1. Placing +1 at every Lys and Arg Cβ and -1 at every Asp and Glu Cβ, with all other atoms neutral, what dipole size does the chain have around its Cα centre, in debye to the nearest 20?
2. Treat every Asp and Glu Cβ in region 94-211 as -1 and every Lys and Arg Cβ as +1, leave all other atoms uncharged, and give the resulting dipole magnitude about the Cα centre to the nearest 20 debye.
3. Only sites in a loop by DSSP and with at most 10 other Cβ atoms within 10 Å count here; which GluC sites (Glu not before Pro) in region 60-165 make the cut?
4. Choose one of Gln232, Ser201, Ile59: the residue whose Cα lies farthest towards the positive end of the charge dipole of the chain (beta-carbon charges +1 Lys, Arg; -1 Asp, Glu; about the Cα centre).
5. Would you mind getting the Kirkwood hydrodynamic radius of region 43-186 from its Cα pairs, rounded to one decimal in Å?
6. Whole-Å semi-axes of the chain's equivalent ellipsoid, largest first, each the root of 5 times a Cα gyration tensor eigenvalue?
7. Tell me, in nm to one decimal, what length is gained between Arg8 and His187 on full extension, where the rule is 0.36 nm per residue of separation less the Cα-Cα distance?
8. Which links in Lys182/Lys219; Lys11/Lys128; Lys41/Lys279; Lys128/Lys231 stretch past 26 Å when you go from one Cα to the other?
Amino acid sequence: MMKNATLRQLKVFEAVARNLSFTRAAEELYLTQPTVSIQIKQLADIVGQPLLEQIGKRIFLTDTGRELLKVCRDIFEGLDRFEMLMSDMKGVKKGKLRLAVITTAKYFVPRLLGVFCQRYPGIDVTLKVTNRERVLQRMAENQDDLYVLGQPPEQMDVAFEPFLENPLIVLAPGNHPLVGQKNISPHRLTEEQFLMREPGSGIRLATEEFFAGRGLKLKVRMELGSNEAIKQAVAGGLGLAVLSVHTLALERNIDELAILDVTGFPIRRHWYLVYPKDKQLSVVALAFLEFMHTESKLLSEKYLLGIADFPK
């Protein structure tokens, strides 16, 4: 039955299933929408069951469609791996690398990718930057080669490798009364208003764990969806925040922000490269893993130098 399906039909189906849209799939594949519809219909006829169902204006995968999507991803991943292996055997690193990273990692991952792509110009890289919940969802669906997280998921069977320090610091407005004070007690901070990322954020989890371990609870004034928004709110005097030191790497308004000297801080954490434990990594993914372990040490030193000018 399925041996009659063409690779083209499977590629069209994968694009429609991933986008849940005939229009976006057509744009992505440079095809007309009627062509996409015909390919999907022909594939459904071969399978003998509907692959998609439309409710109102929205498209959903049927149970059969979900199973076929898994098969498609296995097939395309196997073909990519074979292509990379052949290139590697010829002494040339070629192929694709798909990364998904949490939003805080956007401050340093693009820099590392720039060096990586210069070193291996034959490798095409796609980078997805999103929140932790979405990264974990992508990992569960095996959509990428590697994932960058500040905290590996406990509820998933994954392999993870630390590659870069990720210290968490307490950030305050530059004119805050606590700026310049030494060894501020965590208890003192419970008198302040805090700005937090959304529930489920790795930084928020680490922050709450730090204070809960000391029998303390912070006053949360506001939840914000990005580190940039939090930095602007801190600079505006709306409260304090716990953020990764990497979020300060490109900061220009250093007079508006200051790092507080709080006992127990910085919280020592790491960035991790994560992937499902049973996943067979491609030649390119393995090359990136090796690259990250060597280059991240140099990057760490640059960041430590970069925040040296921040008021404390």
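Here, each number is a calculation from the coordinates, and none is a lab measurement. Model, not experiment: these values are computed from the prediction. Neighbour counts are summed over all protein chains in view; Cβ atoms, including those assigned to glycine, are modelled from backbone coordinates with ideal geometry.
1. On the way: 41 positive and 37 negative charges, 45 e Å.
So the magnitude is around 220 debye.
2. Working: 14 positive and 14 negative charges, 115 e Å.
For region 94-211, the charge dipole is close to 560 debye.
3. Passing sites in region 60-165 are Glu154.
4. So the residue furthest toward the plus end is Ile59.
5. Values: mean 1/r = 0.0517 Å⁻¹.
About 19.3 Å for region 43-186.
6. Numbers: eigenvalues 382, 109, 54 Å².
Computed over the chain, the values are 44, 23, 16 Å.
7. Values: separation 179, 0.36 × 179 = 64.44 nm, distance 6.20 nm.
Extra length from Arg8 to His187 when fully extended: 58.2 nm.
8. Numbers: Lys182/Lys219 22 Å; Lys11/Lys128 20 Å; Lys41/Lys279 32 Å; Lys128/Lys231 23 Å.
Table pairs above 26 Å Cα-Cα are Lys41/Lys279.
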